[in-house]
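Right, one structure below, let's go through it.
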Amino acid sequence: MICILATQRQLGYCIDMIHAFIRGNGKNIVQYIYAATFILLFLILPPFVQAGDVPPNAYAYFERGVSYADKKQYDKAIQDFSNAVELSPYYVRAYIERGRAYAAKGLHEKALVDLNRALRLEPKNSDASALKKFIEEQKKESEQAAAAGPQNARAYIERGVAYIEKGQHEKGIRDLNSALRLEPNNADAHVLRGIAYSEMEQYDKAISDLSRAIELEPDNAYAYFSRGMGYYYLKSFQTSLKDLSRSIELNGKDPNVYLLRGMVMARLGRAGAGLEDFQKSEGLKGRKDYQYHYGLAGFYAVLNDPFKACEHLSKSIATGYKGFASIKKDFDFDNIRTEPCYLQIMKGR
């Protein structure tokens, strides 16, 4: 009966919570009373959680995820829906909306996994059934289009990007090769292929593509940034600095460029200037806390300050960084590999 107090959106969550307690521990009257009290707490929550706030529970994560999805910020939406189902594994609507967000990104398989999970929990859920049918049709059309092959460079580029985003870099590069056969002077294709090569740690090939992109578009700030990153990993720090500085001249609004240039400054013995760059990244749109702390961890590791390096590495992980395989091979951390604090952070990971 308490679900009568819910708003339309809260109603679904209220029902999900009751299902969760029934399937879980709701075996006696005391537990049902506990369930009712718990649900009522959610009904008095504000109906919306602002971006940037830390949601206190599964429902609040769901609400913010819906808001992100409405703004087409699907990665953020997916993360919030994932947090919601982690806290409330029977949260059917969160699975449905995460599936919808995956579908919007073209990740049909992941979307169908979520919808099938929702239907296992609620076999008669009409929203999940309708969305599943729609996504299955989308997936079929996409596969048919892929089999037929793109008819122009832009189509090859878009499919190549989709492959790269899924981690299928070789397929992505093949499509970008096809795009460049059709349009040899397409700067976007050169940049994207360069990024793919960089992610595969083939930095010489990456720099070649990015240099060609810069020849075609001398004011392409992102191409300078990406090439500067390639030079960084080749340990050509002066050349990297030149490219990153040029990128900032063209567009000083990308926080990642400042973070990387800060690392270059540390490598060149200019720690003060490096810290200034990290500070300049603050307040810029798109800066993520885990990237900021990860960068500072590497910065202090290069400077042989293991205490601060470990402090920021811990903060990076606490704020969402999960690339432990990258940490293990990132040469920025070579100075602290044997430090107790580093070993403790990486224990079991």
Just to be sure before I move on: is LEU268 of a type outside the set (Phe, Trp, Tyr) and under 26 Å from GLY320 (Cα atoms) in the structure I sent? no
Restricting to segment 175-208, and then to whatever is among the acidic types (Asp, Glu) and not in a loop (DSSP other than H, G, I, E, B), can you tell me which residue is nearest to TYR224 (Cα to Cα)? ASP188
Return the residues of segment 209-236 that are of a type in the set (Ser, Thr, Tyr) and assigned to a helix (DSSP H, G or I); say none if nothing qualifies. SER211, TYR222, TYR224, SER226, TYR231, TYR232, TYR233
Contact list, first residue from segment 321-344 and surrounded by 12 or more Cβ atoms within 10 Å (Cβ to Cβ), second anywhere and charged (D, E, K, R), beta-carbon distance below 6 Å, six or more apart or interchain, is PHE324/ARG349
Filter segment 236-257 down to residues that are surrounded by fewer than 20 Cβ atoms within 10 Å (Cβ to Cβ), among the small types (Gly, Ala, Ser) and over 23 Å from the mean Cα position of the chain (by Cα), then give me how many there are. 2
If you take the residues of segment 83-129 that are of a type in the set (S, T, N, Q) and not in a loop (DSSP other than H, G, I, E, B), which of them is surrounded by the most Cβ atoms within 10 Å (Cβ to Cβ)? ASN83
What about ASP219, is it under 27 Å from PRO184 (Cα atoms) and crowded, with 20+ Cβ neighbours inside 10 Å? no
For segment 134-154, what are the residues that are under 23 Å from ILE195 (Cα atoms) and either modelled with pLDDT of 90 or more or of a type in the set (D, E, K, R) (or both)? ARG154
Might you check whether a residue that is buried (at least 20 other Cβ atoms within 10 Å of the Cβ), touching a helix residue (DSSP H, G or I) at 6+ places or on another chain (Cβ under 6 Å) and in contact (Cβ under 8 Å) with a residue 24 or more places away in the chain occurs anywhere in segment 272-282? yes
Looking across segment 237-277 at residues that are part of a helix (DSSP H, G or I) and of a type in the set (Lys, Arg), the single one that is farthest from TYR300 (Cα to Cα) is ARG246
Looking only at residues in segment 174-205 that are more than 24 Å from ASP330 (Cβ to Cβ) and among the hydrophobic types (A, V, I, L, M, F, W, C), which one is surrounded by the fewest Cβ atoms within 10 Å (Cβ to Cβ)? LEU182
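The values are calculated or read from the model by the stated rules, or taken from the named source; none is laboratory data. As the structure is a computational prediction, the values presented were derived from the model and not from experiment. Backbone-built Cβ (ideal geometry, glycine too); neighbour counts: all protein chains shown.
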